[in-house]
1. Applying the selection to the range 73-97, what residues are in contact (Cβ under 8 Å) with a residue 24 or more places away in the chain, out of contact with any strand residue (DSSP E or B) (no Cβ under 9 Å at 6 or more places or on another chain) and either not β-branched (Val, Ile, Thr) or not assigned by TED's automatic domain parsing to the domain that holds Ile172 (or both)?
2. Can you say whether Val129 is assigned by TED's automatic domain parsing to the domain that holds Gly10, touching a residue at least 12 places away in the same chain (Cβ under 8 Å) and within 25 Å of the chain's Cα centre (by Cα), as far as the supplied structure shows?
3. Identify the residue in the range 133-156 that is more than 30 Å from Asp363 (Cα to Cα) and in contact (Cβ under 8 Å) with a residue 24 or more places away in the chain and, among all such residues, is surrounded by the most Cβ atoms within 10 Å (Cβ to Cβ).
4. Would you mind telling me which numbered condition in (1) in contact with a Gly (Cβ under 9 Å, 6 or more places away or on another chain); (2) in a helix (DSSP H, G or I); (3) surrounded by fewer than 16 Cβ atoms within 10 Å (Cβ to Cβ) Leu604 fails?
5. Could you check the range 15-28 and list, in sequence order, the residues that are in contact with a helix residue (DSSP H, G or I) (Cβ under 8 Å, 6 or more places away or on another chain), of a type outside the set (Lys, Arg) and in contact (Cβ under 8 Å) with a residue 24 or more places away in the chain?
6. Go through (1) more than 30 Å from Glu486 (Cβ to Cβ); (2) surrounded by 17 or more Cβ atoms within 10 Å (Cβ to Cβ); (3) not aliphatic (A, V, I, L, M) for Lys262 and report which single condition fails.
7. Restricted to the range 364-393, and to residues that are of a type outside the set (Phe, Trp, Tyr) and either in contact with a Lys or Arg (Cβ under 6 Å, 6 or more places away or on another chain) or in the same structural domain as Gly152 (by TED's automatic domain parsing) (or both), which residue is surrounded by the most Cβ atoms within 10 Å (Cβ to Cβ)?
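The values are calculated or read from the model by the stated rules, or taken from the named source; none is laboratory data. Please read these numbers as outputs of a predicted model, since none were measured by experiment. All Cβ positions, glycine included, derive from the backbone under ideal geometry; neighbour counts span all protein chains shown.
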Amino acid sequence: MKYKYLPQIGSPDDLRRLSLEQLKVLTEEIRDYIIQVVSETGGHLAPSLGVVELTVALHYVFDSPRDKIIWDVGHQAYAHKIITGRYEAFRTNRCWEGISGFPSPKESPYDAFGTGHASTSISAGFGIVCARDATGEDYKVISVIGDGSMTGGLAFEGLNNAGASGKDFIVILNDNMMSISPSVGAIHNYLTMIMTHPALKRMKDEIWDITGRLPSGELIQKAVGRIDTGLKSIVTPGALFEGMGFRYLGPANGHNLESMLKILRQVKEHDGPIMLHVITQKGRGYKFAEEDATQFHGLDAFDKDTGTVNGSGREIRSYTSVFGKAMVELAENDDRIVGITAAMAEGTGLNLMRDKFPDRVYDVGIAEGHAVTFAAGLASQGMRPVAAIYSTFLQRALDQVIHDVAIQKLPVIFAIDRGGVVGEDGPTHHGCFDISYLRQIPNMAIMVPRDEAELRDMLYTATRYSGGPVAIRYPRGAGVGVPTDEGFREIAWGKGEILREGREIAILGVGPALYECMKVAEILAEEDFNPTITDMKFVKPFDVGLLKETAGSHRTIVTVEENAIEGGFGSRVLEFVSALDYHNRVLRLGIPDRFIEHGPRKHLLKNLGLTAEGIVDSVRKFVGSEKLVH
């Protein structure tokens, strides 16, 4: 498509020079451009396609960046980025040294608040509202939140606080009946009922038609209108949101640009808290995304003509898929095993178990804190719940992990997907901290498999352990390719494994980084170094005997992990060596004390020095001129 208007849009001011018909053409150009770029770079396609008209209308009516627009999660903000001065830069979306796939205030003043996790926009928006009022300024604050994000408790905490305040604040509920997996729960069912239940409209139409033919029909119709308002408050979220202090408007068609412009102008003139309920279609305008919004929620590069994701024609055995298949196998032989997901069944691989055992997989919505306490309740009654949650999302439930699970020593298994750097989604999604924040918790066991076969074995081992909670963390993406069709093997509890015997220098690692460590040994062997390579397997409980033996027979210890160096696996080794008054030199390699940018996972690992070559360079610098015995 040759774009007529899109290249002319350098800021929202340029939108206001266009007529309604020109704006409609612009929305189609924006959609085409998003599809084109995401097909080349990957990204969140369906969410952004669903809000194009809403985005154009918001920037047309409101005066951004003076007026503040906060996008919940932010994966639907591509159109927002394109029309706020990042048309050309959008070609670099999620690429190394390109723009972020999520709103980022350091990237643009139009990004009022940084987001990447769900359910935060209302609380953040209300904070901005209070700051505005405290400083005596005068601007509008608009939080745009999806129905999936409304399943998170934080959203209702914000609504409760904002509604009671009476302050001028606009919340737009973008209802597309989807989060990542199909939305679940009472709130979703309530919203869906409005769109599918014909009773209210049929009753209103019939009464209106009849009364219009009667004497004094106009007066009767006014009375019916008041009754209609009361009925509407019963069967729409008006009762819910207005009970929380918000004036409720809607539902409105979010793809009718003319209607959205009119409604938003009215909303702009309203004072106090207001909730505008907008209905949109996820994936709008691209048939493959309309037909499979889950597949096209977030994806790698794809063929835009066929909808085929690059590489989807070949077998890619990811850690996620290995976990999903193992859960099915384990569940077949143990009725106590159940799966729990926070709106990420496909993302975590639990969709495989859900399809086989639909009554034994619980999708609790975007509510990680609830997921963990819910798992604790199941475990307290003899079940073996496996809560599959991304590392970066489990951060949202740390109190529940401590208070509801660990203190009671409940055998909840945490399958922590996306441990380590995840790539193009950037700092809001890198799972850099789980080892650090979990290893401080009493009664918590932490295992880190070095490959997909060991993931299966550790999951099996965890289901047989009843001494308390167990966390198993593994990275995003494909495994190393080891066979996984040999059943299950129970891992020796709390024991590590020496993969290569050496002297003087010992490299201790956890996770797939050990395969890089084995390459390190081969490189150093050519330089007359002879390192020991050890897979500790457990961050907690630690293999004390193996570590004592290592510290006593090696002068230099190097630790390698794909986790924050601060408080991580390497810190555990350093603390041990220091406590027992050993005199080893300890080099810790991992993720430094900063938030990691977005980019391809392999590139980020190389940048962090966690490839074989990077580890070799670090070891050389650390040992300096010391002669290592070989």
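1. Of everything in the range 73-97, those that are in contact (Cβ under 8 Å) with a residue 24 or more places away in the chain, out of contact with any strand residue (DSSP E or B) (no Cβ under 9 Å at 6 or more places or on another chain) and either not β-branched (Val, Ile, Thr) or not assigned by TED's automatic domain parsing to the domain that holds Ile172 (or both) turn out to be Gly74, Ala79, Lys81, Gly85, Tyr87, Phe90, Arg91, Cys95, Trp96, Glu97.
2. no
3. Here the answer is Val141.
4. Checking Leu604 against (1) in contact with a Gly (Cβ under 9 Å, 6 or more places away or on another chain); (2) in a helix (DSSP H, G or I); (3) surrounded by fewer than 16 Cβ atoms within 10 Å (Cβ to Cβ), the one that fails is (3).
5. Initial filter on the range 15-28 (in contact with a helix residue (DSSP H, G or I) (Cβ under 8 Å, 6 or more places away or on another chain)): 15-16, 18, 20, 23-24, 26-27.
From what's left, of a type outside the set (Lys, Arg): 15, 18, 20, 23, 26-27.
Result: Leu15, Leu20, Leu23, Leu26, Thr27.
6. (2)
7. Glu368
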